[in-house]
Amino acid sequence: MRVTIVRSLAGGTRCACELQRAAGVSAPLLSHHLKVLRQAGLVSGQRRGRWVDYTLERDALRRLLGAIDVLDAVGAAT
């Protein structure tokens, strides 16, 4: 689910309602996954009336991918 959200946000800022439709899940379930992504620093949100617009934090995602690459390299060396 979180990968689906990140993929959707890779195309730019999305409203929570758009993410809900794309993921095909209930609002509470989407909210839970977005909360986890926000806490990890991978997604940020800005309230717009009733909805929240979400944006992918690309620098945080780059750091995460870099850390994964390091772990992968260490695993390949052992």
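The values are calculated or read from the model by the stated rules, or taken from the named source; none is laboratory data. Bear in mind that the values here come from a model prediction, so they are computed numbers and not experimental data. FYI the Cβ positions are ideal-geometry reconstructions off the backbone, even for glycines, and counts take in every protein chain you see. The accessibility values were calculated without ligands, DNA or RNA, using every heavy atom of the protein model including side chains. Shrake-Rupley method; radii C 1.70, N 1.55, O 1.52, S 1.80 Å.
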In the P(r) worked out for the chain, what percent of Cα pairs fall beyond 18 Å?
42
Ranked by how many other beta carbons lie within 10 Å on average, peptides 14-21, 1-8 from highest
14-21, 1-8
Report the calculated FRET efficiency for R47 and A67 (r = Cβ-Cβ distance, R0 = 25 Å), to the nearest 0.05.
0.25
Given a Förster distance of 22 angstrom, what is the FRET efficiency for S31 paired with T55, based on the Cβ-Cβ distance and rounded to 0.05?
0.85
Calculated FRET efficiency for the pair R38/E18, C-beta based, R₀ 25 Å, to 0.05
0.90
Carbon/sulfur fraction of accessible area - the chain, other protein chains in place, 1.4 Å, %:
54
